[in-house]
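Undergrad: First the structure, then my questions, so here it is.
The values are calculated or read from the model by the stated rules, or taken from the named source; none is laboratory data. Predicted model only: the values in this text are computed from it and were never measured. Keep in mind that these areas ignore ligands, DNA and RNA; they rest on the heavy atoms of the full protein, side chains included. Shrake-Rupley method; radii C 1.70, N 1.55, O 1.52, S 1.80 Å.
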Amino acid sequence: MTTPTRRTPARLADTRALLFDLDGVLTPTADVHMRAWSRLFTPYLEAHGVAPYTQADYFAYIDGKPRYDGVRSLLGSRGIDLPQGTPDDDPDADTVCGLGNRKNAEFTAELDEHGVEPYPGSLRFLTAAIDAGFHVAVVSSSANAVSVLRTAGILDRFPVVVDGLVARQDGLAGKPAPDTYLDAAGRFGLTAAECVVVEDATSGVEAGRNGAFGLVVGVDRGAGADALRAHGADVVVTDLADLVADLPRATTSTT
């Protein structure tokens, strides 16, 4: 059971690394993903004569999960069963992977057209954490994490990025399994208890809880504070700038 100390931001002072989800935590790319998923599933579900796609579907079945898992979960909610296919499937293929690849093409088009910048409060918190000597990593289900970080101008701040491509290459289970977060902690030579998970998705905070991390911070970008807490968040904020004052002040190295 989580202790009272762990449930407060004061726990930040006793940890050594911050493991950030990307979309919706550091950058507003969750909005880009949401538009891309809508462009995929609105016509697809209509063509199949099932309940239409809504924003609530994104949070219930897709948010935070590896892309193909999100496709499978959403289709399952409508009673649609497709063959898995392979990651090399053409985006026009009527398979789980084909639909996932079609969504990725929609996402890339949105990102190229509109770009992305970090949330100001998240950038402030990230800068303060690095100045305080924290290790920082990005742990994202997205296969586009590096390109998003580069577009946002913050790729050089993260010595460790464990994304969807790394997970597939290394056979790591996706969120809500804790494997990708545990992998990131291990790259710093740290235990889960020494690390903080920062997430906006219910599947992500559940991964933090399942991995017994030192603190799980939920950032409410639409999932809802109650839902984030129910799935494992110890602390919920609407802006990471709210936690800057809880970071250690001294600039020290954790290596």
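Undergrad: In Å², and per residue, what accessible area does the chain have when probed at 1.4 Å with the other protein chains present?
TA: In whole numbers, the chain has 42 Å² accessible per residue.
Undergrad: Under the definition of Cα pairs under 8 Å and six or more residues apart, what whole-number percent is the relative contact order of region 51-98?
TA: Relative CO of region 51-98 lands at 26 percent.
Undergrad: ³J(HN,Hα) across region 168-178 via Karplus (A = 6.51, B = -1.76, C = 1.60, θ = phi - 60°), whole Hz, x for Gly/Pro?
TA: Those phi angles translate into 5, 5, 9, x, 8, 5, x, 4, x, 5, x Hz.
Undergrad: Kindly report, to the nearest 10 Å², the accessible surface of residue 234 as traced by a 1.4 Å probe over protein heavy atoms only.
TA: 20 Å²
Undergrad: Now, a different point. How many percent of the accessible area of the chain is carbon or sulfur, using a 1.4 Å probe?
TA: The nonpolar share, carbon plus sulfur, comes to 51 percent.
Undergrad: In terms of solvent-accessible area of protein heavy atoms at a 1.4 angstrom probe, what is the ranking of 103, 65, highest value first?
TA: If we order 103, 65 from most to least accessible, we get 65, 103.
Undergrad: Would you please calculate the Kirkwood hydrodynamic radius of region 158-210 over all C-alpha pairs and express it in Å, rounded to one decimal?
TA: Value: 11.2 Å, from the Cα pair sum.
Undergrad: Further question: Would you please give the residues with an amide H less than 5 Å from that of residue 236, counting only those at least 5 places away or on a separate chain, with H modeled from the backbone geometry?
TA: Amide H neighbours of residue 236, under 5 Å, 5+ apart: 218.
Undergrad: I've got another one for you. Taking a quarter of the surface of the Cα convex hull of region 46-94, what do you get in nm²?
TA: That works out to 3.7 nm².
Undergrad: Gaussian network model of the chain, Cα springs within a sub-10 Å range: biggest mean-square fluctuation belongs to which of 224, 49, 98?
TA: Per the Cα network of the chain with a 10 Å cutoff, 49 tops the list.
Undergrad: Here is a follow-up. Can you sort 135, 231 by 1.4 Å-probe accessible area, starting with the largest?
TA: The ranking, largest first, comes out as 231, 135.
Undergrad: Then there's this: Running Debye on region 132-244 with equal point scatterers at the Cα sites and no solvent, what base-10 log of I(q)/I(0) appears at q = 0.12 Å⁻¹?
TA: So the normalised log intensities are -0.39.
Undergrad: Separate question: Using only the Cα atoms of region 1-153, what semi-axes does the equivalent ellipsoid have when each is the square root of 5 times a gyration tensor eigenvalue? Give whole Å, largest first.
TA: So the equivalent ellipsoid measures 33, 18, 13 Å along its semi-axes.
Undergrad: Next up: If you take the Cα atoms of region 196-254, find Rg, then find the Kirkwood Rh from the mean of 1/r over all pairs, what is Rg/Rh?
TA: Ratio of gyration radius to Kirkwood radius for region 196-254: 1.03.
Undergrad: Then there's this: Taking amide H atoms as placed 1.01 Å from N in the peptide plane, list the residues 5 or more away in sequence, or in a different chain, whose amide H sits under 5 Å from that of residue 191.
TA: Under 5 Å from the amide H of residue 191 lies no amide H from a residue far enough along the sequence or on another chain.
Undergrad: Another one. Using only the Cα atoms of the chain, what are the Rg and Dmax in Å?
TA: 17.9, 59
Undergrad: Of all the Cα-Cα pairs you can form in region 9-91, what percent are over 17 Å apart?
TA: 56 percent
Undergrad: Could you work out the helix-only [θ] at 222 nm for the chain, with each DSSP H run of four or more residues adding -39,500 (n - 2.57) and the total divided by the number of residues, to the nearest 500 deg cm²/dmol?
TA: So the calculated ellipticity at 222 nm is -12000 deg cm²/dmol.
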